[in-house]
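Take a look at the structure below.
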Amino acid sequence: MSTIAWIRIGADTTAPTLSNPNDGTPTADGATSPSVDTNEGNGTMYWAVLTDGGSCTDAQLKAGSGGDIVAGKAGNQVVSGTGTQTTPDITGLSASTNYEIVFLHRDASGNDSAQASVGLTTTAGGGTAPTIVQDDVNEAAGNTNTITLAFGSNVTAGNLVVVKLSMFVSSDFGSITAGMVTKSAGTSTIGTMQLDAYTTRNTGKDKIAILSVPVTGTGSLTIQFATGAGDNCFPVLVLEEWTTADVSGTRVNASATSAATTGTAGASGNVATGGAGFIAGLLAPASPYGTITITEDGAFTLVDEQENDAQYNYTAIWRSVATDTTDSADATFGTSCDWLAAAVAYKSSDPS
């Protein structure tokens with residue numbers, strides 16, 4: 001009996017060689033036109049985004065998941081010629097963050113290249129900073145359970161109204177809730193009021209809160225805060241209207257509150273805008289009541305303040321930014337005192 005040996009002539013056993021991995025043009029949320037060069041013109045190019053310093057196996061890279069691959073940030077494409085292979089644009093990453101892009105080429109004969117990688121650092125971003133359109137303030141003349149305030153001009157559909165409340169409470173009515181702040185008059189329509197930050201101290205005698213509501217129909221607007229009980233507080237009501245602000249139910253990127261029994265400086269704690277946005281801040285130096293000099297954080301703009309009242313002192317401030325910014329609503333006081341502070345980072349409608 002004879003044996004026949006089959007010999008395959010000219011089988012391709014040489015793996016492709018990759019060179020010049022390039023991150024393309026970094027953006028705030030990824031990169032445009034990443035690329036890599038190959039010396040073979042057939043097969044499939046695989047690519048993925050990894051966390052900084054991360055790695056993945058060849059199998060994970062071809063599968064598009066596993067290892068340190070960022071979820072959903074992988075793909076593959078047909079290679080039809082040698083030279084530069086440009087991948088689709090990468091989006092959905094975080095601004096100002098380090099990543100790596102890794103490539104692998106499997107040729108038509110099933111030979112895998114070595115992985116080639118390049119670092120990617122996304123930019124800081126540059127969305128549209130929200131703009132304050134108008135603001136108004138009402139300081140209660142005495143002990144009450146209701147305070148109202150009308151904007152001086154019509155509010156506009158698509159804008160965001162921010163409500164700031166600061167008060168001394170003579171008879172505690174419990175926590176401030178979104179249901180206590182309503183539209184009491186006007187031709188505009190508004191969405192659902194949302195409580196975004198709240199804190200209290202001194203067994204409930206000092207309270208501050210920041211709320212927000214989208215404007216759904218243009219017109220006049222009067223906002224009311226009411227406790228639903230007898231006369232029990234000395235409130236201050238501050239209204240701000242913002243344009244180019246996110247008005248969705250997830251418009252708040254972060255919030256922080258803080259309080260202390262004594263000190264000559266108050267701070268809410270850091271909040272981050274996560275891109276373009278604005279930070280609404282409110283601080284209330286409390287006991288001992290009376291004249292207290294307030295010096296606001298220089299990065300913020302003052303809406304209004306009260307420094308010499310026997311029942312309440314406060315400062316309402318904001319900061320609008322076009323890039324991801326982390327900051328705290330801060331102030332220094334001329335007298336050591338109890339204090340409360342709150343800050344809410346709202347997103348822009350164009351954050352990146």
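The values are calculated or read from the model by the stated rules, or taken from the named source; none is laboratory data. Keep in mind that this is a model prediction, so the values were computed, not measured. Because the Cβ atoms are built from the backbone with ideal geometry, glycine has one as well, and the counts that use them run over all protein chains shown.
Tallying residues that are surrounded by fewer than 14 Cβ atoms within 10 Å (Cβ to Cβ) and farther than 15 Å from Glu100 by Cβ within segment 42-56 yields 0. If you go through segment 151-175 and keep only what is within 20 Å of Leu282 (Cα to Cα) and either aromatic (Phe, Trp, Tyr) or touching a residue at least 40 places away in the same chain (Cβ under 8 Å) (or both), you end up with Phe151, Leu160, Val161, Val162, Val163, Lys164, Leu165, Ser166, Met167, Phe168, Val169.
Of the strands (runs of 3 or more DSSP E) lying entirely inside segment 1-117, those containing at least 2 residues that are under 29 Å from Ala272 (Cα atoms), under 38 Å from the mean Cα position of the chain (by Cα) and of a type in the set (Gly, Ala, Ser) span 30-32, 69-78.
Considering only residues in segment 259-303 that are β-branched (Val, Ile, Thr) and within 21 Å of the chain's Cα centre (by Cα), the one that is surrounded by the most Cβ atoms within 10 Å (Cβ to Cβ) turns out to be Ile279. Of the candidates Gly204, Gly228, the single residue that is at positive phi and touching a helix residue (DSSP H, G or I) at 6+ places or on another chain (Cβ under 9 Å) is Gly228. Could you tell me whether Ala124 is surrounded by fewer than 18 Cβ atoms within 10 Å (Cβ to Cβ), without any contact (Cβ under 8 Å) to a residue 12 or more places away in the chain and either assigned to a loop (DSSP other than H, G, I, E, B) or assigned by TED's automatic domain parsing to the domain that holds Trp47 (or both)? So Ala124 does not fit the description; no. Screening Thr203 with (1) in contact with a strand residue (DSSP E or B) (Cβ under 7 Å, 6 or more places away or on another chain); (2) in a loop (DSSP other than H, G, I, E, B) gives one miss only, at (1). The set of residues in segment 134-144 being buried (at least 18 other Cβ atoms within 10 Å of the Cβ) and either assigned to a loop (DSSP other than H, G, I, E, B) or not assigned by TED's automatic domain parsing to the domain that holds Ile223 (or both) consists of Ala140 alone.
The combined condition, being assigned by TED's automatic domain parsing to the domain that holds Ser258 and assigned to a loop (DSSP other than H, G, I, E, B), is not fulfilled by Thr182. Give the number of residues within segment 1-29 that are farther than 20 Å from Asp112 by Cβ, surrounded by 11 or more Cβ atoms within 10 Å (Cβ to Cβ) and either modelled with pLDDT under 90 or among the hydroxyl-bearing types (Ser, Thr, Tyr) (or both). Qualifying residue count, segment 1-29: 4. Looking at Thr250, is it exposed (fewer than 15 other Cβ atoms within 10 Å of the Cβ) and modelled with pLDDT under 90? In short, no. Scanning segment 162-185 for residues that are more than 31 Å from the chain's Cα centre (by Cα) and not aromatic (Phe, Trp, Tyr) turns up Val169, Ser170, Ser171, Asp172, Ala185. Across segment 153-167, the number of residues qualifying as in a loop (DSSP other than H, G, I, E, B) and more than 25 Å from Lys347 (Cα to Cα) comes to 0. Considering only segment 201-239, state which residues are β-branched (Val, Ile, Thr) and modelled with pLDDT under 95. The answer is Thr203, Thr227, Val236.
The residues in segment 185-198 that are farther than 16 Å from Val238 by Cβ and either of a type in the set (Gly, Ala, Ser) or part of a strand (DSSP E or B) (or both) can be counted, and the count is 7.
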